[in-house]
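*Asks:* Quick one: the structure is below, and I'll ask about it shortly.
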Amino acid sequence: MKTVYIDVLITVNIFIDFYIIMCTRIFLHINVSLGRMIAGSLVGGAFSLVALLPAMPFGLNILFDFLTASLIVFVSFGRSSIKSYIKRVTVYFVISFLFCGIMIFIYTSFKPLGMEIYNDTVYFNISPVILIILTLICYYILKLINRLTKDVCGGGVCNVEIQMNGNTLTLCAKIDSGCNVKEPFSGDYVIIAEEELLNGCLPKDEETRVIPFNSLGGSGIIKGFKPDKIKINGVDVNDVYIGICKNVMKGEIRALIPYEISKNLN
């Protein structure tokens, strides 16, 4: 390897890991703070120092990459069920593997100046100005892809902030055109969420209402309540109820928001 500047090595890989984490978050619709993603990318930047070690034999480098991915995912997204954790690590690892494959192709085909790959770590000897420009370009590309995906698929997710009895929580809700549950007396739309997501904001029994629903899986009733305050993607929304379900939705998204609510957001 040619001369390597450690500050550039760490900075570039923090940048790369941040966007791999962001792609994982977008792909799995994980609700996570920016601080956690930055912390995860800092861990990835620290592990980039492996590029300075002797070359790892084949197999050992894959094992090391997988263990690194596992730690980065844990720091970035926090605790989850074993099934969700395995899914997160797998998606992160696959995106990292694809990125590394693309970089190897570029490196072997075009031999760009200032680019090196060692122990599966990418190194670019670039200026901070170019790095900032690339950061902005990648951010807006991801934002555009996310918007186009929503427009084409008619889906997407919303961040829902609920305030109830002095407590506040934030959850991710999948936009669902088939979710048309309404509170029967007011006609207000209902956001459906798993009970365990609402810990701390669950009202007393006398503050709940019985809400009937119909779906392809059958019909029934759920308990629902009107929060003291609710924000969807940062916008204050009135006349929306929260419906409480138990062990119905699995995976990363465990809340549904009617499409009719999301389309009216500014």
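The values are calculated or read from the model by the stated rules, or taken from the named source; none is laboratory data. It should be emphasised that the depicted structure is a prediction, and the values quoted were computed from it without experimental measurement. Note that each Cβ is placed from the backbone with ideal geometry, even for glycine, and that neighbours are counted across all protein chains shown.
*Asks:* Please verify whether R254 is in contact with a strand residue (DSSP E or B) (Cβ under 6 Å, 6 or more places away or on another chain) and at pLDDT below 80, treating the condition exactly as stated. Working first, answer last.
*Replies:* Details: in contact with a strand residue (DSSP E or B) (Cβ under 6 Å, 6 or more places away or on another chain): yes; at pLDDT below 80: yes.
So R254 passes the test.
*Asks:* If a residue has to be of a type in the set (D, E) and within 20 Å of the chain's Cα centre (by Cα) to count, how many in the stretch 161-199 make the cut?
*Replies:* We begin by selecting, within the stretch 161-199, every residue of a type in the set (D, E); these are 161, 176, 183, 188, 194-196.
Of the ones still in play, those that are also within 20 Å of the chain's Cα centre (by Cα) are 161, 176, 194, 196.
The qualifying residues number 4.
*Asks:* Taking the stretch 24-52 as the search range and keeping residues that are under 10 Å from I72 (Cβ atoms) and of a type in the set (S, T, Y), which one is surrounded by the most Cβ atoms within 10 Å (Cβ to Cβ)?
*Replies:* Per the criteria, the residue is T24.
*Asks:* Something else now. Among the residues of the stretch 200-231, write down those that are at pLDDT below 80 and within 27 Å of the chain's Cα centre (by Cα).
*Replies:* Correct list: G200 only.
*Asks:* Only one of (1) at pLDDT below 65; (2) farther than 14 Å from I20 by Cβ; (3) assigned to a helix (DSSP H, G or I) is not met by Y139, so which one is it?
*Replies:* (2)
*Asks:* Would you point out which residue out of L71, L28, L34, L98 is touching a Lys or Arg at 6+ places or on another chain (Cβ under 8 Å) and under 30 Å from K174 (Cβ atoms)?
*Replies:* Values: L71 fails: touching a Lys or Arg at 6+ places or on another chain (Cβ under 8 Å); L34 fails: touching a Lys or Arg at 6+ places or on another chain (Cβ under 8 Å); L98 fails: touching a Lys or Arg at 6+ places or on another chain (Cβ under 8 Å).
Step by step, each of L71, L28, L34, L98 is checked, and only L28 is touching a Lys or Arg at 6+ places or on another chain (Cβ under 8 Å) and under 30 Å from K174 (Cβ atoms).
*Asks:* Among the residues of the stretch 182-217, write down those that are assigned to a loop (DSSP other than H, G, I, E, B) and within 21 Å of C158 (Cα to Cα). Even if it seems obvious, please write down each step before you answer.
*Replies:* From the stretch 182-217, those assigned to a loop (DSSP other than H, G, I, E, B) are 183-188, 199-204, 208, 216-217; that's our starting set.
Residues satisfying the conditions are E183, D188, N199, G200, C201, L202.
*Asks:* Would you check which residues across the stretch 176-224 are at positive phi and in contact (Cβ under 8 Å) with a residue 12 or more places away in the chain and list them?
*Replies:* Answer for the stretch 176-224, where residues must be at positive phi and in contact (Cβ under 8 Å) with a residue 12 or more places away in the chain: just G200.
*Asks:* Taking the stated definitions as given, is I242 part of a strand (DSSP E or B) and at pLDDT 90 or above? Reasoning before the result, please.
*Replies:* Details: part of a strand (DSSP E or B): yes; at pLDDT 90 or above: yes.
When the stated conditions are applied, I242 passes them.
*Asks:* Sort out which residues of the stretch 75-95 are of a type in the set (S, T, N, Q), farther than 21 Å from G35 by Cα and either at pLDDT 85 or above or in a helix (DSSP H, G or I) (or both), and write them in order of number. Steps first, please.
*Replies:* Of the residues in the stretch 75-95, the ones of a type in the set (S, T, N, Q) are 76, 80-81, 84, 90.
Then keep just the ones that are farther than 21 Å from G35 by Cα; that gives 81, 90.
Across the stretch 75-95, the qualifying residue is only T90.
*Asks:* Right, next: I'd like to check something: does the stretch 199-222 contain any residue that is in contact with a Leu (Cβ under 7 Å, 6 or more places away or on another chain), farther than 14 Å from V240 by Cβ and of a type in the set (A, V, I, L, M)?
*Replies:* no
*Asks:* Here is a further query. Could you figure out which of (1) β-branched (V, I, T); (2) at pLDDT below 65; (3) within 30 Å of T11 (Cβ to Cβ) isn't true of V152?
*Replies:* Result: V152 passes all but (3).
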